[in-house]
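Enquirer: Before we start, here is the structure in question, set down as structure tokens.
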Ligand SMILES: Nc1ncnc2c1ncn2[C@@H]1O[C@H](COP(=O)(O)OP(=O)(O)OP(=O)(O)O)[C@@H](O)[C@H]1O
């Protein structure tokens with residue numbers, strides 16, 4: 001399943017924070033949105049998942065206007081993992097993952113055998129079987145992030161949207177989460193849209209990258225075309241050297257100083 005926006009505009013009050021955004025993710029792709037703080041990344045993914053209403057322009061889910069699709073159907077097709085996630089102290093991994101089934105429950109809202117099988121599958125797929133009865137509050141950052149991904153997975157979504165899934169994680173957990181996302185994309189064909197601050201990870205894990213600057217998409221394309229010295233200078237204000245990672249077949253950069261002020 002894919003998504004597309006045409007000339008999308010989002011405002012908070014009178015302030016335009018997303019202008020003429022033309023964004024596209026095809027079925028089965030991983031697309032990452034990058035950009036400096038406050039450039040509109042979270043706003044774009046909130047609009048895509050219908051958490052906030054756009055001011056003008058269109059959003060399509062597999063060619064259909066998302067405002068014409070029933071909310072429950074969107075909740076079944078699109079799972080979003082927001083940046084800030086709160087859950088009460090007495091919720092276990094298994095409880096949390098079961099919430100992912102809610103958009104699918106029929107009359108009476110009772111969890112049935114099929115739902116329990118899917119909850120088990122999501123917990124297994126994210127490597128949390130041994131921890132299934134642990135309270136979310138007692139987990140490490142990496143385990144907690146996997147638990148939230150398991151909840152999203154229990155939705156059986158066709159599109160997974162992740163807002164900075166690696167924030168506050170150490171490097172091994174960052175890789176663990178991104179490897180899990182990639183594995184879910186490859187093995188289940190889930191389309192992934194994510195926001196990342198680490199540009200080298202964006203280059204490594206994405207089919208396509210969108211660059212936001214001051215609420216506008218200024219570039220989009222394959223990692224090799226996006227990770228360029230000019231983009232790093234113009235958008236992120238750094239001077240950097242670009243190299244090729246032969247092992248992972250992607251570009252990476254090393255920043256060496258802030259751009260000289262003009
Ligand atoms: N609820 C809101 N009300 C008013 N302004 C908002 C609101 N949410 C975001 N903004 C503003 O919209 C702009 C874009 O914010 P957004 O969170 O989309 O940026 P971002 O690129 O995700 O930032 P970051 O990298 O810091 O998370 C910012 O100027 C922000 O202050």
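Enquirer: Under 25 °C and 0.890 mPa s, how fast does segment 8-77 diffuse according to Stokes-Einstein, given a Kirkwood radius computed over C-alpha pairs? Answer in µm²/s, whole number.
Expert: Answer, rounded: 189 µm²/s.
Enquirer: So how far, in whole Å, is the C-alpha centre of segment 75-141 from the one of segment 1-70?
Expert: 26 Å
Enquirer: Assuming a ≥ b ≥ c are the square roots of the Cα gyration tensor eigenvalues, decide whether segment 191-254 counts as rounded (a/c under 1.5), prolate (otherwise, with a/b larger than b/c) or oblate.
Expert: Taking the square roots of the gyration eigenvalues as a ≥ b ≥ c, segment 191-254 is oblate.
Enquirer: Return the Rg/Rh value of segment 37-97, two decimal places, where both radii are evaluated on C-alpha atoms and Rh is the Kirkwood radius.
Expert: Answer for segment 37-97: 1.05.
Enquirer: By its C-alpha gyration tensor, with a ≥ b ≥ c as the square roots of the eigenvalues, how is segment 90-138 shaped: rounded for a/c under 1.5, else prolate for a/b larger than b/c, else oblate?
Expert: Taking the square roots of the gyration eigenvalues as a ≥ b ≥ c, segment 90-138 is oblate.
Enquirer: Determine the calculated [θ] at 222 nm for the chain from helices alone, applying -39500 (n - 2.57) to every DSSP H run no shorter than 4 residues and normalising by the residue count; nearest 500 deg cm²/dmol.
Expert: Value at 222 nm, helices only, nearest 500: -9500 deg cm²/dmol.
Enquirer: Regarding the chain, what are the three Cα extents along the principal axes, ordered largest first, in Å?
Expert: Computed over the Cα atoms, the extents are 63, 41, 31 Å.
Enquirer: How fast does segment 99-186 diffuse by Stokes-Einstein, in µm²/s, taking the Kirkwood radius from C-alpha pairs at 4 °C and 1.567 mPa s?
Expert: 94 µm²/s
Enquirer: No solvent, one uniform scatterer per C-alpha: report log10 I(q)/I(0) for segment 156-262 via the Debye equation at q = 0.17, 0.24, 0.25 1/Å, two decimals.
Expert: -0.88, -1.48, -1.52
Enquirer: Indicate the gyration tensor shape class of segment 219-262 (rounded, prolate or oblate), computed on the Cα atoms with a ≥ b ≥ c the square roots of the eigenvalues: a/c under 1.5 is rounded; otherwise a/b larger than b/c is prolate and the rest oblate.
Expert: It comes out oblate by the Cα gyration axes.
Enquirer: Distance in nm between label sites at residue 168 and residue 237, each 7 Å beyond Cα in the beta-carbon direction?
Expert: 2.7 nm
Enquirer: Okay, next question. Apply the Debye scattering formula to segment 31-153, with a single equal point scatterer on each alpha-carbon and no solvent, then give log10 I(q)/I(0) at q = 0.17, 0.22 Å⁻¹.
Expert: -1.00, -1.26
Every read-out reported here was derived from the displayed coordinates using simple, explicitly stated rules and does not represent laboratory data. Everything quoted here is computed from the prediction, not taken from an experiment. Glycine gets a Cβ as well: all are built from the backbone with ideal geometry, and neighbour counts include every protein chain shown.
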